[in-house]
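Okay, so here's the structure we're looking at.
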Amino acid sequence: MSDPSSINGGSIVAMAGKDCVAIACDMRLGMQALTVSNDFPKIFQYNNSFIGLTGLGTDVTTLSEVFRYKVNMYNLREERDIEPETFANLVSTTLYEKRFGPYFVGPVVAGINSKSGKPYICGFDLIGCINFAKDFVVGGTSSHQLFGMCESLWEPDLEPEDLFETISQALMNAQDRDALSGWGGIVYVITKDKIVKRLLKTRQD
Amino acid sequence: MNTMFAEQFNEPATNHSTAAPIEHRFNPYSDNGGTILAISGADYAVLAGDTRHISGYSINSRFQPRVHTLPGEKPLIVSANGFSADGETLVRRLAQRVEWYSYNHNKPLSAKSCARLIQTMLYGKRMFPYYVATILAGLDENGRGAVYSFDPVGSYEREQCRAGGAAASLIMPFLDNQVNLKNQVDPATGEPKIATDLSLEDTVKLVKDAFSSATERHIQVGDYLEIKIVTKDGVSVEYFPLKRD
């Protein structure tokens, strides 16, 4: 497998609930079948926006730093925090700038708009085409498994605690059927005035 | 193609040796989509499959049943999903072998032996395999539900449940979670939950949910769901409509 998007492995999932969103990722970094690290989180926070980056490890790290720089510049110019919708468009344009030599990533954005209080989740392809979803978005090497899990477990208007259980079960059972994902997990449950980060203890194989 | 021929004819005779050769190749396999799923219980086994038959983005048939009942008084059910010409051939030849066994030995072929027979039939074509994911369901010698799953060249295993075919990757983790209770803990003790036999009603509900979800996200799955159920009383069939888009 010389496909850049599946050399290092990794998975992301985001779900919307009732006045809350959740985003979760695995912790693996590999080189094909060999696991190199089990401490490689793929979710990054900028103000009240969260982004999960899967794909080529080097691009995940590079883009997380590019977005930190761009959001800091936005904060200085606008003298306010960036909203998830705005951040999603910033991700989109950043990726499209590299239209003919793309970053090999599959990003997922999640957050709650600080003005309207509305949950926002979306996904992208590697050149920045936004996929806005009302229910859930998935990305990474176990995306098929995640689609199957989310489509059968997710239901509308989940409360934060139920959303945490749903997204955790979706992620854990999906990554157990993918050799390139797993080795732990991180889940963020985001409500208007609280962010809860939990570490998932999962099987280590 | 036409321009390539035209160029060849216009070239001087001396350049013929440098012209790129045109390669023709016959591909003996194709993919006819579809998904199958089997779950075994205390005194039953179910084998379900959708009835959509496709090639590429075309739907050849909305109702082409892929779950087959083998001949005999205590029947076994089998489905070979993938390249349907190979699947049909395997099941037809298997049915004949099962029938002849009953005449030669004056007893029905057990599920365990049928599984071994399927292995030898699949491995017999090791160098030109049947391009199929095969699942066999029935009752074992003790009357318990049995599910056997096979890879295209005959490697097999008895399992509690198994999904095969196009949407297997979508359904299998759901089955791990809901049938074998993987990653679930008892809230009171914090200990992992132990899987027990499901009732037939719960199993059929689970199968319908699994296929409804797979239909939603996989274009090769849909139209109708055919659920075959084996008990000591024989084989019963249930149909369930799936989305047709």
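The values are calculated or read from the model by the stated rules, or taken from the named source; none is laboratory data. Being a predicted model, the structure only gives us computed values, none of them experimental. So basically every Cβ, Gly included, is an ideal-geometry build from the backbone, and we count neighbours across all protein chains shown. Areas reflect the complete protein model, heavy atoms only, side chains present, ligands, DNA and RNA absent. Shrake-Rupley method; radii C 1.70, N 1.55, O 1.52, S 1.80 Å.
A few comments on the model shown:
- Volume per residue of the C-alpha convex hull in the range A:1-107, rounded to whole Å³: 105
- Residues whose amide H falls under 5 Å from that of A:Lys118, counting only those 5 or more places apart or on a different chain, are A:Asn113, with hydrogens built in the peptide plane.
- Interface A:B - total buried accessible surface [probe 1.4 Å, Å², rounded to 100]: 1400
- Computed label-point distance, nm, for sites A:Leu76 and A:Asp193 using a 7 Å Cα→Cβ extension: 3.3
- Average accessible surface for the protein assembly as shown: 51 Å² per residue, computed with a 1.4 Å probe over protein heavy atoms with every protein chain in place.
- Loop sites in the range A:67-167: trypsin sites (Lys or Arg not before Pro), DSSP, at most 14 other Cβ within 10 Å: A:Arg80, A:Lys98, A:Arg99, A:Lys115, A:Lys134
- Distance from the range A:62-101 to the range B:193-212 (C-alpha centre basis), Å: 45
- Selected from A:Leu171, A:Leu153, A:Leu95 as most flexible by GNM, with chain A as the system and alpha-carbon contacts under 10 Å: A:Leu153
- The Rg/Rh ratio for the range B:30-241, using Cα coordinates for both the radius of gyration and the Kirkwood hydrodynamic radius, is 0.97.
- Additional length obtainable on full extension of the chain from B:Arg62 to B:Glu99, 0.36 nm per residue less Cα span: 10.3 nm
- Applying a threshold of 29 Å to the alpha-carbon distances of A:Lys98/A:Lys197; A:Lys18/B:Lys205; A:Lys42/B:Lys182 flags A:Lys98/A:Lys197 as lying beyond it.
- Mean sequence separation of contacting Cα pairs (under 8 Å, at least six apart), scaled by the length of chain A, corresponds to a relative contact order of 29 percent.
- Mean projected area in nm² (Cα convex hull; one quarter of hull surface) for the range B:134-245: 8.8
- The calculated FRET efficiency for B:His24 paired with B:Asp151, based on their beta-carbon distance and R0 = 35 Å, is about 0.70.
- If you bin all the Cα-Cα distances of the range A:130-182 at 5 Å, starting from zero, the percentages per bin are 4, 21, 30, 24, 15, 6, 1.
- Nearest-ten-degree value, helix B:200-217 long axis tilted from longest Cα axis of chain B: 30
- Extending 7 Å from the Cα toward the beta-carbon at both A:Met31 and B:Lys193 defines two label points whose distance is 4.1 nm.
- Mean-position separation - Cα centroids, the range B:125-169 and the range A:168-202, in angstrom: 32
- Interface residues of the range B:162-199, defined as those with an accessible-area decrease of at least 30 Å² between the chain by itself and the complete set of protein chains (probe 1.4 Å), are B:Ser169, B:Leu170, B:Pro173, B:Phe174, B:Asp176, B:Asn177, B:Asn183.
- Taking θ as phi - 60° and the Karplus parameters 6.51, -1.76 and 1.60, the scalar couplings of the range B:171-188 work out to 7, 4, x, 5, 5, 3, 6, 9, 9, 8, 6, 5, 6, 10, 10, 6, x, 6 Hz in sequence order, x denoting glycine and proline.
- Within 10 Å of the Cβ of each residue in B:209-216, the mean number of Cβ atoms contributed by other protein chains is 3.
- Per-selection Kirkwood Rh - the protein assembly as shown (Cα, Å, 1 d.p.): 24.5
- In nm, spacing of pseudo-spin labels at A:Arg68 and B:Ala85 (7 Å Cα→C-beta vector): 5.8
- Loop chymotrypsin sites (Phe, Trp or Tyr not before Pro), the range A:39-136, which have at most 14 other Cβ atoms in a 10 Å radius of their Cβ (DSSP): A:Phe100
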